[in-house]
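What follows is a single structure, written as structure tokens, with notes after it.
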Amino acid sequence: CPTAADLHRPNGTRVCAQLYSDNSPYYDQCCAGDVLVVPPGTDMPYMPRGWSARASSLVVGTRCELTVWDSKGKKGKSRRFGA
């Protein structure tokens, strides 16, 4: 997995979080598969098409916080992740 400080796009712009579709019991194989990039300031009450219940690994960038909910529309229990 990339480190929190390494999250950025190829053009150098900052990324607050990356979610990955594939998981593994081995840490070096966790951040694999499709990637959902979360730019700074993003507010997504619904997961994009094809991502519902699919994210299995994530990395949150420095100076960022990712809050997720267990139900659509920001309902249900929530959990916060940081770098």
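The values are calculated or read from the model by the stated rules, or taken from the named source; none is laboratory data. Nothing here was measured: the structure is a model prediction, and the numbers come from that model. A quick note on method: Cβ atoms are made from the backbone with ideal geometry, for glycine too, and the neighbour counts reach across all protein chains shown. Ligands, DNA and RNA are excluded from the accessible area calculation, which covers all protein heavy atoms including side chains. Shrake-Rupley method; radii C 1.70, N 1.55, O 1.52, S 1.80 Å.
The relative contact order of the chain comes to 31 percent, based on Cα pairs under 8 Å that sit 6 or more residues apart. A straight chain from Ser78 to Asp6 at 0.36 nm per residue would run longer than the Cα-Cα distance by 23.3 nm. Need one number: nm distance between label points at Arg54 and Asp28, each 7 Å from Cα along Cα→Cβ, rounded to one decimal. The answer from the label model is 2.8 nm. Computed from the C-alpha gyration tensor, the three semi-axes of the ellipsoid equivalent to the chain are 19, 16, 12 Å, from longest to shortest. Considering only Leu19, Leu7, Val68, and ranking their Cα positions along the charge dipole of the chain that arises from unit charges at the beta-carbon of Lys, Arg, Asp and Glu, the one farthest toward the positive end is Val68.
Across the accessible surface of the range 17-78, with the other protein chains kept in place and a 1.4 Å probe, carbon and sulfur atoms take up 49 percent. Once backbone amide H atoms are built at 1.01 Å from N, Cys16 has Val38 as its partners under 5 Å, excluding neighbours fewer than 5 places away on the same chain. Computed about its Cα centre, the charge dipole of the range 17-78 is approximately 340 debye, with only Lys, Arg, Asp and Glu carrying charge at their Cβ.
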